[in-house]
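Chemist: Before I ask anything, here is the structure I am working with.
The values are calculated or read from the model by the stated rules, or taken from the named source; none is laboratory data. Quick caveat: nothing in here was measured; it's all calculated off a predicted structure. Here Cβ is always computed from backbone atoms with ideal geometry, including for glycine, and neighbour counts include all displayed protein chains.
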Amino acid sequence: MGRWEPNARGRLEQAALELYVERGFEQTTVAEIAERAGLTERTFFRHFADKREVLFAGAGALQELLTTAVVGAPDSVAPLEAVATALEAAGALLQERREYSRRRQAVINANPALQERELIKLAALASALADALRRRGVTDPAAGLTAEAGIAVFKIAFERWISGTGEADLPQLIRESLNELRAVTAGT
């Protein structure tokens, strides 16, 4: 076992995703993931609580990025624009992982329990964004509506990005989706 080789977490993520795509999420065991990565099950559990968390381990960092960007936006920026800027920053971060994101989403789409976990993650992101907006002084229901709209914009842009041909990058698709939302709400 190559337990002293660098990037154990990354190797586990890669091995898990490969196996989930090849065999299916339910049919893959932690032992198989660890073996494919050249590590032990014990090492796996030092990095992840269970095999599902391999797919959702970045949620905390994504939430931190989004909320920090919203709170740090200039006071003169409208709430929806603060959320849009945060989403574009997240999109820029994800841009480097397009193929990983495609494969990850295919695994999630094939499993109802993972779909539920993805929805829980999105709801948590919306809640965190609403809290960040409240820290900026945005009152309810505007904070909640803006956060939920932002997550909807992100979700639509993300789906377009992973199914697209590659011409548009994720931040661009986020901006386009936000502009579509503005057009719809303006009645044009």
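Chemist: Output the residue which, of all residues in segment 23-76 that are under 22 Å from the mean Cα position of the chain (by Cα) and among the acidic types (Asp, Glu), is farthest from Leu125 (Cα to Cα).
Modeler: Checking each candidate, the answer is Glu26.
Chemist: Would you check if Ala142 is in contact with a Pro (Cβ under 9 Å, 6 or more places away or on another chain), farther than 17 Å from Phe56 by Cα and either among the polar types (S, T, N, Q) or outside the structural domain of Leu12 (by TED's automatic domain parsing) (or both)? Reasoning before the result, please.
Modeler: Details: in contact with a Pro (Cβ under 9 Å, 6 or more places away or on another chain): yes; farther than 17 Å from Phe56 by Cα: yes; either among the polar types (S, T, N, Q) or outside the structural domain of Leu12 (by TED's automatic domain parsing) (or both): yes.
Answer is yes for this residue.
Chemist: Tell me whether segment 51-64 contains one or more residues that are within 20 Å of Ala149 (Cα to Cα), assigned to a loop (DSSP other than H, G, I, E, B) and in contact with an Asp or Glu (Cβ under 8 Å, 6 or more places away or on another chain).
Modeler: Scanning segment 51-64, I find no residue that is within 20 Å of Ala149 (Cα to Cα), assigned to a loop (DSSP other than H, G, I, E, B) and in contact with an Asp or Glu (Cβ under 8 Å, 6 or more places away or on another chain), so the answer is no.
Chemist: Now a separate question. Is it fair to say Gly91 is of a type in the set (Gly, Ala, Ser) and exposed (fewer than 13 other Cβ atoms within 10 Å of the Cβ)?
Modeler: So Gly91 does not fit the description; no.
Chemist: So, in segment 4-40, exactly how many residues are in a loop (DSSP other than H, G, I, E, B), among the hydrophobic types (A, V, I, L, M, F, W, C) and free of Cβ contacts under 8 Å to residues at least 12 places away in the same chain? Steps first, please.
Modeler: Applying the first criterion (in a loop (DSSP other than H, G, I, E, B)) to segment 4-40 yields 4-7, 24-29, 38-40.
Right, trim to among the hydrophobic types (A, V, I, L, M, F, W, C) and you get 4, 25, 39.
This time we only want the ones that are free of Cβ contacts under 8 Å to residues at least 12 places away in the same chain, so: 4.
Number satisfying all stated conditions: 1.
Chemist: Another one. At least 3 residues that are under 30 Å from Leu19 (Cβ atoms) and in contact (Cβ under 8 Å) with a residue 60 or more places away in the chain in each: list the helices (runs of 4 or more DSSP H) lying fully within segment 70-188 that qualify.
Modeler: 79-95, 98-109, 112-135, 142-163
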